[in-house]
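A short reminder: the numbers here are calculations on the coordinates, not readings from a lab. What you see is a predicted model; the values in this text were computed from it and never measured. Ideal geometry is used to build each Cβ from the backbone, glycine not excepted, and the neighbour counts take in all protein chains shown.
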Amino acid sequence: MSVDAKTASEVEKKPDLVTLTIDGTQVSVPKGTLIIRAAEMVGTHVPRFCDHPLLDPVGACRQCLVDIPDAGNGRGFPKPQASCTMPVAEGMVVKTQVTSPVADKAQKGQMEFLLINHPLDCPICDKGGECPLQNQALSHGYEETRYNLPKRTYPKPINVSAQILLDRERCILCARCTRFSDQISGDPFIALVERGALQQVGFYEDQPYDSYFSGNVVQICPVGALTSAAYRFQARPFDLVSTTTTCEHCAAGCELRTDHRHHQVKRRLAGNNPLVNEEWNCDKGRFGFMYARNDRLKHPLVRENGVLRPASWPEAIDAAVEGLKRAGSAVGVQTGGRLTVENAYGYSRFARAVLGTNSIDFRSRPQSAEEAEFLAARVAGRSLPQNVTYTDLERAKHVVLVAFEPEDESPIVFLRLRKANRDKGLKVTTIAPFASRGSQKLDATLIPAAPGDEIAALDRVEGLDGSTIILVGERAGTLPGVLSAVAAKADATGARLAWIPRRAGDVGALDAGCLPGVLPGGRLVSDATGRVDVAAAWGVEQLPSEPGLSADEQFAALASGALKAVVLAGVELADLADPDAARAGLEAADFVVSIEQRPSEVTERANVVFPAALIEEQAGHFRNWEGRDLDVALVTAAPGSPMTDLRILAALSDALGSDLGFRTPAAAWASFSELLDWEGDRQAAPQVSAGERPEGLVLAGWRELLDASRGNDHEVALRDTARDAVARVSPATAEQLGLSDVVRVSADGREQVLPLLVTPEMVDNVVWVPMNSGLGDRLSVLPGSAVTVSAVTFEEGAMA
Amino acid sequence: MTDLLTPVLSAHWGEDNSWKLSRYEANGGYEAARKALDMAPADIISLVKDANLRGRGGAGFPTGMKWSFVPQDNPNPKYLVVNADESEPGTCKDMPLMMATPHTLVEGIIIAAYAINSHTAFIYCRGEVLHIIRRLQQAVREAYAAGYLGKDIFGKGYDLDIIVHAGAGAYICGEETALLDSLEGRRGQPRLRPPFPAVAGLYASPTVVNNVESIASVPSIIANGKDWFASMGTEKSKGFTLYSVSGHVKNPGQFEAPMGITMRQLIELAGGIREGHELKFFTPGGSSTPILTAEHLDIPLDYEGVAGAGSMLGTKALQVFDDTVSAVRTALRYVEFYKHESCGKCTPCREGTWWLVLLLMNFEKGIATQGDVDKLLDIADNIGGRSFCALADGAVAVVTSFIRHFRSEFEAGTHTPAWELFPYEKSAVFAEEGAVR
């Protein structure tokens, strides 16, 4: 995240204004504004269905007809015109349904047409109660129908994907869904087919509408034609309570509208935050909220005679405190990547001020010391105006992707890049082993590179300058030298730089001080001024100055006995670079405290387990990859729901004879806010040189958006729309190794058997696999490591 | 009577092998193209403008003016697209022309493409007429072989390729923007305008879309001059054109005459209404133009004359219906066509034509109810001018003009089936008992 201020040319110019008269009221709007939106400025809602501000105008439904007695040139239109397709003109006179009987009748006529073949099934329709057709039929339609003839019928519903169901009888053919899938997400797997009254949304049966963004079409459907398998028949809109909050999955920071009933979240919709997610979100964020529905931890557990048994809160706290006291400061803390800023800040203070250790790490994933240095140097403790934002991506001339696959790893970044590419011709360059579907949709230039070869590839990117933004993904952290090279390249060329992690809590945890060497606000543990600053704010005498251990180091130290105890929150051992080492560490540990929502490999090995609140049960903030703070709202919490992490930490602190200093998110936020805007010393950027490329085949891969992640648990339809797991190699590599159809990818005694997709223009001697497909063993080696691939015979393949 | 005819396009239709290049050249073919390629493109456009050739596809927009709209400073290639998707009920002028003398069209394309600085031209031909597509392909092949197409045409340094493209059978693809979408390989549905095709048409490049007859008329203007062309026709509608007379006349067919001939004259040329019957109504320009009746027999059939009578010249497809024909049945058949051909993009056309058909079926069966005539008119009012393109306006023209002239027949549809009022077998030209309902 670079620190250069915006140049004058980047500051938006005031748009040219055009003055026109709508229903007798003069209004000035920016040039190019469509009449339908200019009318909103004078308070007139012209009814509409196909119109959507973020989609190209189509003029299909004809509902928004208005009268234009003067087009601005002294001449009027003889017939009503669609206000959603016509831009304003200076001196134009528009009469909407408010003042023009012609427009009013034209609109009522269109409404009548839309209704003649629309089923009268509102009482059992999911959209009933929040339906633009229903609402506008009441506000702009005839009270009684004049249509007494047979209606058009279709079998219904049909699956356009495992998740999305289509009711063709309800469809009014506004083409919002097909335009969204074509223009916004670039997955045009649904299209209008047939003609006349038989026109319908269709799809190719061998290619269902498996898009990461398919849920958006349900949301923008102005009728109940598109419904999701997840929410279908779950609730009526008028029984739901809506809350605006923020998604907990990735670092995009999407605003959500979460609807609940009876203390249960029924569905999540994309919120409208024009600076972040506009009006879209991804299917994981929309549908992935059922993960704790069936296997929730509801009460504390304490290990007794080797077995976890339910315990009361006081008993569990006592047990935890006893174990932690025994360990003293030989304790580690790991916070996972999905905590709110407030919770992360609580862990930071708990570790450093209460337990007296700097061994705290939010990175429950493959990591490196180089990454920690890079984060301290270039990411931690920066404020939003200094950072690259979504808006900057849209305005950039060139965006370079390094070890970052936006569609899988930060889908809203993908959407924004695609928008900029489509609307403004943004040039995208991706340094990757092959041109993924996502980068093809970005019209990206591929610089083929095996993992680890990004450094050389970066030198081949032309035209890096101040109008370029380099986006580097968290995967780069495990490729020696890549983060160093990216930072150096940005410094040398003036290109701006942003680091985009996968998890929602990472940036907030970093700024809250959940990296061993970094205190809240980006202060360095190694810097006495920074320590004093934080100690003063926390009202403690001093903070520990000895360097802390990273997550990987903590597991090793637990195994060696150097560390006695560990507190883990939201850590999945399988996500780590070496899960076996982590398991061994936990098994060797004297004492393990787990703060978790659901049973996991950590709770299985814990001495005390505290159940923690779900995201919908607490308030707080997420800090997204931009460094933007986004509100997390308390949606609903059933009586007796588990406490938040913060409350648990406060209780533990009290019992340890210390004071966390806050026990509510609001108090934690206030304390955290005081520690921002630090202007002291920063860590220097790391200077690690490139690693050695191993002999033979090199593994490449990343985690796809929809995979075997536990965040997708209990979402059958969602998992069914995931991409098929395949292994990819280049044609030359396939030929050299005699690979076809099915291959076995193996390393360190673990193996996966996957269908092979020979991928043109892929870099040679690399095999790409999805990193958590759920098929076969989860490979324990990282991208950039040596791996073997062999052909699977027909017989073997049939067995597999 | 035959003095009324001015065969230019149809002059050689009756000759042996009229579609062959050798025959066409023997009749002076390709002389105009050679002449044109020695002219400056701007001079050709001026000549066609001055001759006041107006589009023969229906709208009557001046052809030369359309050519002059092409922005020559646009760096993209320019395209000429010939609209040969003739599908309007009753219209049958382009098909015989392309069948009989396809080289007239090829020669016209060379001149027109040269005038607008285009090096690629397309003939978008209706897909159902395979025999005509083959004939066009054959003519284009012959022209290539003779050096009249391809590189350095006539040795004059001008390159042009012609691509004959077969549509898939959709009336909407006669609408020029839908045609362009279809030509690009998409579903044929009308595009939002602006941008207009002259600025961003085929492949988002400047494009002229002209009717077959318009383009085929150009060689004769080059050969004979604007004054010759303007000596025919009326004050604002110059030149000759093909009138297609069909229906209840003794001798239906193509009649090439100056603009402004009357229906009375055309019916006489066609041998009169069939024996023992009288004219009931006729379409001046295909099914999309409001019908006219005997009182309009003497209006000049030019753009202004027909517009003055409340209709449109359209494609000059004159379908003649005698007194055996049910207005209700005819209206239903026409509207069924529009319902079938509606592309489905916009609501009023898609749903409105569906509703009109269902209602008209009730009128035909004699089971319409009181008020249904007004309902028809009100539905038509909600369709007309409200839809995305002009297709549905054709259906509206049918409903409103038939009710205007024959309201009583519609009112009878509330109690008596149309086939009882007008036994269908009586309107057949073949054996009466052969007619089916």
Exactly which trypsin sites (Lys or Arg not before Pro) in segment A:135-232 are in a DSSP loop and have at most 12 other Cβ atoms within 10 Å? A:Lys151
Ordered by residue, what ³J(HN,Hα) values in Hz, to whole numbers, does segment B:117-130 give under the Karplus form 6.51 cos²θ - 1.76 cosθ + 1.60, where θ = phi - 60° and Gly and Pro are x? 6, 9, 10, 9, 10, 10, 10, 8, 9, 3, x, 6, 9, 4
Which whole-number percent gives the relative contact order of segment A:698-799, counting Cα pairs below 8 Å spaced six or more residues apart? 39
To test your reading of the geometry: what angle, between 0 and 90 degrees and rounded to tens, separates the Cα axis of helix A:482-493 from the longest principal axis of chain A? 60
If a paramagnetic tag sat 7 Å from the Cα of B:Ala145 along the Cα-Cβ line, which residues of segment B:1-38 would have the backbone N under 16 Å from that point? B:17-26
State the extension gain, in nm to one decimal, for the chain segment bounded by A:Ala655 and A:Phe238, taking 0.36 nm per residue of separation less the distance between their alpha-carbons. 145.6 nm
Cross-link pairs beyond the 32 Å C-alpha cut-off, checked among A:Lys151/B:Lys93; A:Lys424/B:Lys78; B:Lys49/B:Lys316; B:Lys151/B:Lys345: A:Lys151/B:Lys93; B:Lys151/B:Lys345
Once label points are set 7 Å from the Cα along Cα→Cβ at both A:Leu138 and B:Trp228, what is their separation, rounded to one decimal in nm? 7.2
A correct Karplus calculation of ³J(HN,Hα) over segment A:80-85, with 6.51 cos²θ - 1.76 cosθ + 1.60, θ = phi - 60°, whole Hz and x for Gly and Pro, returns x, 10, 6, 6, 8, 10
Theoretical FRET efficiency, 1/(1+(r/R0)^6), r = Cβ-Cβ of B:Arg186 and B:Arg333, R0 41 Å, to 0.05: 0.85
Estimate the FRET efficiency between A:Gln183 and B:Lys156 by the formula 1/(1 + (r/R0)^6), using the beta-carbon distance for r and 41 Å for R0, to the nearest 0.05. 0.35
Computed helical MRE - 222 nm, chain B, DSSP H runs ≥ 4 contributing -39500 (n - 2.57), nearest 500: -12500 deg cm²/dmol
Give the residue from A:Gly356, A:Gln367, A:Asn343 lying farthest towards the positive end of the charge dipole for segment A:343-382; charges sit on Cβ (+1 for Lys and Arg, -1 for Asp and Glu) and the dipole is referred to the Cα centre. A:Asn343
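Per residue of A:85-94, count partner chain C-beta atoms within 10 Å of its C-beta, then hand back the mean as an integer.
Going residue by residue through A:85-94 and averaging, the value is 1.
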Only helical DSSP H runs with n ≥ 4 go in: add -39500 (n - 2.57) per run for chain A, normalise by residue count and round the 222 nm mean residue ellipticity to 500 deg cm²/dmol. -7000 deg cm²/dmol
A:Glu315 and A:His714 label points (each 7 Å along its Cα→Cβ direction) are spaced in nm at 2.6
Quote the charge dipole size of chain B about the Cα centre in Debye, to the nearest 20; the model charges only the Cβ of Lys and Arg (+1) and of Asp and Glu (-1). 880
Charge dipole magnitude, Cβ of K and R +1, D and E -1 - the protein assembly as shown, Cα centre, debye nearest 20: 1700
Potential extension, A:Ser545-A:Arg750 segment - 0.36 nm per residue separation minus Cα distance: 69.7 nm
If you take each beta carbon of peptide A:98-106 and count the beta carbons of other chains within 10 angstrom, what is the mean? 1
For A:His262 and A:Gln386, FRET efficiency with R0 = 51 Å and r from the beta-carbon atoms, rounded to 0.05? 0.70
Just to be sure I understand the model, the point goes 7 Å from the Cα along the line to the Cβ. What's the resulting A:Ala666 to B:Arg264 distance in nm? 9.4
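Provide the percentage of antiparallel DSSP beta bridges, counting only those with both residues in chain B; round to the nearest 5.
45
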If amide H atoms are built 1.01 Å from N in the plane of the peptide, which residues on other chains or at least 5 residues away come under 5 Å of the amide H of B:Asp302? B:Gly260
Please report, in debye to the nearest 20, how large the charge dipole of segment A:372-501 is about its Cα centre when each Lys and Arg carries +1 at its beta carbon and each Asp and Glu carries -1 there. 460
DSSP beta bridges in the protein assembly as shown [antiparallel fraction, %, rounded to 5]: 55
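Which whole-number percent gives the relative contact order of chain A, counting Cα pairs below 8 Å spaced six or more residues apart? Walk me through the numbers on the way to the answer.
On the way: 1808 pairs, mean separation 105.9, N = 800.
In percent, rounded to a whole number, it is 13.
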Positive-end extreme of charge dipole, the protein assembly as shown - chosen from A:Gln63, B:Ser10, A:Cys174 (charges on Cβ): B:Ser10
